[in-house]
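Notes follow the structure.
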Amino acid sequence: MSSKIRKAVFPVAGLGTRFLPATKAMPKEMLTVVDRPVIQHVVDEAREADIEHFVFVTGRNKQVIEDHFDRSYELEDTLQERGKKPELELLTSDLPGAGQTSFTRQQAPLGLGHAVWCARDIVGREPFALLLPDMLHQPKTRPCMAMMVEAYAKNPGNYVAVYEVPESQTHQYGIVGRGKDVGHGFEITAMVEKPAAGKAPSNLAISGRYILEPAIFDILQTQPRGAGGEIQLTDAMKTLAATRPFYGITFDGQIHDCGMKIGFLVANVAYALARHDLAPTFRQELRKLIDG
Ligand code: UTP
């Protein structure tokens, strides 16, 4: 099997009900964290991992995502005429190259596992990265997917990134059991989606970054619906883990769940505070607001 991860899948077909009314006519992936849409931050992470092709599994009302990753001739012409060089350069550098994006539709939101399965023909028979656009991974050192791709190149298999959550909250997450250390990661001994209180194998939650072998598509093809009547990715990963190696990589940084209001608000603050052009003034303004 190839040791290079060339393709990344971004499932963006969810309804975003937790963000209504903002997501009534606009996809939640286009909400901005500072001045970049959430989906752009996540595509940036994949590009930093040298991924070459970006596969978006979309749904109705999501056309604007496709437009965002295309050229905007009118805008570019106007910027050119007005001599706005930095803005033009920004737009150009953000853009994937011609033929580097693919879009397919999920048609019905039958769950994350089903969304991933919809990418099967575009991905083909090679290992691929999967990034959940809701989850922003703000690294302390190296970006999450770059770390995972490097670990995969040294030791092929299936990977999930994990982070520590408080014991009292494990019932809200997909939790893995930790086995012996391997390279930069560890062997996964168990995977449980939203374990009952006291039943979690650890406090390590799956963070929304994966490297998966194409056998996952064969499993998803026949997998019955699970919790919530949806085709669950974790169920398919459990089946895959019975025959193929599965590793965890602990992410060193902050994770922001932008599918939730609080996570999204904190992400905006954290990303603004990390920006040299904004942080000094923003910090002062925040202090004024908080101190009253
Ligand atoms: P979520 O459950 O967080 O997304 O799925 P959602 O359904 O949009 O959110 P709410 O609960 O209604 O607010 C995690 C990721 O999986 C994608 C979502 O777009 C999101 O990026 N997803 C989920 C799909 O692409 N298809 C699905 O059927 C379900």
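Per-structure values
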| quantity | calculated |
| --- | --- |
| Nearest-20 debye value, the chain charge dipole, Cβ charges on Lys, Arg, Asp, Glu | 640 |
| Region 25-179: relative contact order in percent, alpha carbon pairs under 8 Å with at least 6 residues between | 31 |
| Descending semi-axes in Å of region 1-142, equivalent ellipsoid built from Cα gyration tensor | 25, 20, 15 |
| Binned Cα-Cα distance frequencies in the chain - 10 Å width, integer % | 6, 26, 36, 22, 8, 2, 0 |
| Label-point gap, in nm, between Ser3 and Asp252 - each point 7 angstrom along Cα→Cβ | 2.3 |
| Three semi-axes of the equivalent ellipsoid, region 104-158, Cα gyration tensor, whole Å, largest first | 25, 17, 8 |
| Solvent-accessible area, 1.4 Å probe, carbon plus sulfur percent, for region 1-118 | 50 |
| Which of Leu212, Ala197, Ala267, positive extreme of dipole for the chain (C-beta unit charges) | Ala197 |
| Extension reserve of the Lys199-His276 stretch, reckoned as 0.36 nm per residue once the Cα distance is removed | 23.3 nm |
| Neighbour-limited loop hits for trypsin sites (Lys or Arg not before Pro), region 250-292 (at most 16 other Cβ within 10 Å; DSSP other than H, G, I, E, B) | Arg275 |
| Length gained when the stretch Gln100-Asp181 is fully extended (0.36 nm per residue, less Cα-Cα span) | 25.6 nm |
| Dipole magnitude of region 1-102, debye to nearest 20 (Cβ charges: Lys/Arg +1, Asp/Glu -1, about Cα centre) | 520 |
| Label point distance in nm, Glu89-Arg18, each placed 7 Å from Cα along Cα→Cβ | 3.8 |
| Computed magnitude of the charge dipole of region 34-78 (debye, nearest 20; Cβ of K, R +1, Cβ of D, E -1) | 320 |
| Degrees between helix 279-291 axis and first principal axis of the chain (Cα, 0 to 90, nearest 10) | 80 |
| Using θ = phi - 60° and Karplus 6.51 cos²θ - 1.76 cosθ + 1.60, couplings along region 124-140 (whole Hz; Gly, Pro as x) | x, 9, 9, x, 9, 8, 10, 10, 7, x, 5, 9, 8, 10, 9, x, 7 |
| Percent antiparallel among DSSP beta bridges (both partners in the chain, rounded to 5) | 60 |
| Cβ-based charge dipole, the chain, positive-most Cα from Leu91, Pro37, His276 | Pro37 |
| Where the chain is the region considered: accessible area per residue in Å², 1.4 Å probe | 51 |
| Burial order of peptide ranges 6-13, 34-41, 83-90, 143-150 (average beta-carbon count within 10 Å, highest first) | 6-13, 143-150, 34-41, 83-90 |
| 0 to 90° range, to nearest 10: angle between helix 144-154 axis and the chain longest Cα axis | 50 |
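The values are calculated or read from the model by the stated rules, or taken from the named source; none is laboratory data. Keep in mind it's a predicted model, so treat the numbers as computed, not measured. A quick note on method: Cβ atoms are made from the backbone with ideal geometry, for glycine too, and the neighbour counts reach across all protein chains shown. SASA here: full protein model, heavy atoms, side chains in, ligands and nucleic acids out. Shrake-Rupley method; radii C 1.70, N 1.55, O 1.52, S 1.80 Å.
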